[in-house]
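Asker: Okay, here's the structure, questions in a sec.
The values are calculated or read from the model by the stated rules, or taken from the named source; none is laboratory data. Quantities reported herein were computed from a predicted structural model and do not represent experimental measurements. Here the Cβ positions follow ideal geometry from the backbone for every residue, glycine too, while neighbour counts run over all protein chains shown. Side chains are part of the model used for accessible areas, which takes the heavy atoms of the whole protein and leaves out ligands, DNA and RNA. Shrake-Rupley method; radii C 1.70, N 1.55, O 1.52, S 1.80 Å.
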Amino acid sequence: MSISTAATPPGIGAIRSFPKVELHVHLEDCLTSERIEELAAEAGVPMLRPADSLFVYSSLAEFLEVFEWWCDLLRTTRIAEQLAYDAAVQARHDGIVYAELFCGPRYWTRLRREPLIEALAAGFERAHGDGHADLALVPSISREQSAEWAMGLVEWLGASGPARVVGLGLDGNEAMTGRTSPKFTEVYARANELGLGRTAHAGESSGPEGVWDALEHLHVDRVDHGVRSIEDAALLEHLATNGITLNVTPSSNVITGMYPDIDHHPVGPLIEAGVPVTINSDATKGMNLTLSGEFDKVSRSLGWSLADVAAATRRAIDAAFCGQEKAASLHRQVDDHLYGSEGNSPRRDGNS
Ligand code: ADE
Ligand code: ZN
């Protein structure tokens, strides 16, 4: 693994046009404050805060409180389908060719999980058919939910879930719920039997022990955030040796108060420790972020060239739950972008 030092950062234009892949972003965060205002008016609900300060937070707890408030405005399958469609349009505008998005059925308090997931998958399908980004869905359990609820979700996904559902996630504030991974051991084992990829938020509101728990009890294929692994040398070695990918979200961690700024974020040291790291936004509209913007900030902070952006994209492709055929096609898209489609240039060596 090489990180170029003192490279000229590629710049936002080159990053935006690069064919990118994102693995850690929440669909419910793809709503603009204007759309939230519209939905609140339709539902006859007063705005929690003025639209221009809705997306201002200083902690994960505050972010999740506001997030839950606006999710409660998402009340019909029509709204769900359109949100999914709009997310694929936004992703294409940011140069994202493939992404796996979380949806948290717990936050959609007015809809049953099955019609919700079907509507979201239908929105992705319609958008892809119209030439927008190719998006897949990762339903995410909230840590305070019961194992019975989660097992019901997984069994339904296995029996009749839409093809665009590729994995299972787990999110929430571990500082408030306490240690909850052991509760979902059987659920994750069943998800694996049914062919779903396994991921979980950990090492954000929990320390390294939360990441160990996700590995030991849930046998996750990858970890969302996982940044506090930097505090535990044995964990870093385990992640590097076993090729467990951390889906890191630098600005989101700054916004929720984990780190003072991007230059103090452990993304660079995690990569230097040999851990496969991907770059992600976590939240687009809800934190006013884009994947291109994240790559731009990381490139400036760590002195990345476009080759480093390509390497991080290839790590995301390798960790995606999309299957080998789609992964090979995504790698070819990266090759074509870097070398042209004539095949007259060096092929990928896994590093650039
Ligand atoms: N759910 C939505 N965003 C989240 C985050 N950043 N951490 C934990 N759970 C979440
Ligand atoms: Zn997240």
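Asker: Tell me yes or no: at least one residue of the range 305-314 is closer than 30 Å to TRP70 by Cα and crowded, with 22+ Cβ neighbours inside 10 Å.
Answerer: Looking for residues that are closer than 30 Å to TRP70 by Cα and crowded, with 22+ Cβ neighbours inside 10 Å, one finds none in the range 305-314, hence no.
Asker: Then there is this: Quick one: in the range 54-75, which of the residues that are open to solvent by 30 Å² or more (accessible area, probe 1.4 Å) and either basic (Lys, Arg) or not in a helix (DSSP H, G or I) (or both) is modelled with the lowest pLDDT?
Answerer: SER58
Asker: I'd like to check something: does the range 116-129 contain any residue that is touching a residue at least 40 places away in the same chain (Cβ under 8 Å), open to solvent by less than 50 Å² (accessible area, probe 1.4 Å), touching a Phe, Trp or Tyr at 6+ places or on another chain (Cβ under 8 Å) and within 16 Å of ligand 1 (Cβ to nearest atom)?
Answerer: Among the residues of the range 116-129, not one is touching a residue at least 40 places away in the same chain (Cβ under 8 Å), open to solvent by less than 50 Å² (accessible area, probe 1.4 Å), touching a Phe, Trp or Tyr at 6+ places or on another chain (Cβ under 8 Å) and within 16 Å of ligand 1 (Cβ to nearest atom), which makes the answer no.
Asker: Ok, one more. Identify, from the list GLY197, GLY161, the residue that is crowded, with 21+ Cβ neighbours inside 10 Å, modelled with pLDDT of 95 or more and either closer than 20 Å to ILE279 by Cα or within 16 Å of ligand 2 (Cβ to nearest atom) (or both).
Answerer: GLY197
Asker: Output the residue which, of all residues in the range 98-115 that are more than 14 Å from ligand 1 (Cβ to nearest atom) and either over 15 Å from the mean Cα position of the chain (by Cα) or surrounded by fewer than 21 Cβ atoms within 10 Å (Cβ to Cβ) (or both), is farthest from THR199 (Cα to Cα).
Answerer: Of everything passing the filter in the range 98-115, ARG110 is farthest from THR199 (Cα to Cα).
Asker: Shifting gears a bit: Can you tell me which condition ILE15 does not meet? The list is (1) away from ligand 1 (no atom under 16 Å from the Cβ); (2) outside any helix (DSSP H, G or I); (3) surrounded by 15 or more Cβ atoms within 10 Å (Cβ to Cβ), and all the others hold.
Answerer: If we test ILE15 against (1) away from ligand 1 (no atom under 16 Å from the Cβ); (2) outside any helix (DSSP H, G or I); (3) surrounded by 15 or more Cβ atoms within 10 Å (Cβ to Cβ), just (2) comes out false.
Asker: Could you tell me whether MET176 is assigned to a helix (DSSP H, G or I), within 16 Å of ligand 1 (Cβ to nearest atom) and open to solvent by 20 Å² or more (accessible area, probe 1.4 Å)?
Answerer: It is true that MET176 is assigned to a helix (DSSP H, G or I), within 16 Å of ligand 1 (Cβ to nearest atom) and open to solvent by 20 Å² or more (accessible area, probe 1.4 Å).
Asker: Still on this model: For the subset of the range 21-38 comprising residues that are within 16 Å of ligand 1 (Cβ to nearest atom) and not in a strand (DSSP E or B), which member is surrounded by the most Cβ atoms within 10 Å (Cβ to Cβ)?
Answerer: The residue in question is LEU27.
Asker: For the range 313-333, indicate whether the set of residues that are over 22 Å from the mean Cα position of the chain (by Cα) and either within 16 Å of ligand 1 (Cβ to nearest atom) or not hydrophobic (A, V, I, L, M, F, W, C) (or both) is non-empty.
Answerer: Checked against the condition, which is being over 22 Å from the mean Cα position of the chain (by Cα) and either within 16 Å of ligand 1 (Cβ to nearest atom) or not hydrophobic (A, V, I, L, M, F, W, C) (or both), the range 313-333 yields at least one hit.
Asker: Same structure, new question: Say we look at the range 219-246 and pick out the residues that are in contact (Cβ under 8 Å) with a residue 12 or more places away in the chain and small (Gly, Ala, Ser); which of these is nearest to ligand 1 (Cβ to nearest atom)?
Answerer: That would be GLY226.
Asker: Can you name every residue in the range 41-53 that is more than 20 Å from ARG106 (Cβ to Cβ) and either part of a helix (DSSP H, G or I) or in contact with an Asp or Glu (Cβ under 9 Å, 6 or more places away or on another chain) (or both)?
Answerer: ALA41, GLU42, MET47, ALA51, ASP52, SER53
Asker: Given the criterion within 16 Å of ligand 2 (Cβ to nearest atom), open to solvent by 10 Å² or more (accessible area, probe 1.4 Å) and under 26 Å from PRO139 (Cβ atoms), identify the matching residue among ARG228, ARG222, ARG190.
Answerer: ARG228
Asker: Check every one of the helices (runs of 4 or more DSSP H) wholly within the range 77-168 and list those with 1 or more residues that are closer than 30 Å to SER292 by Cβ.
Answerer: Helices (runs of 4 or more DSSP H) meeting the threshold: 77-93, 113-129.
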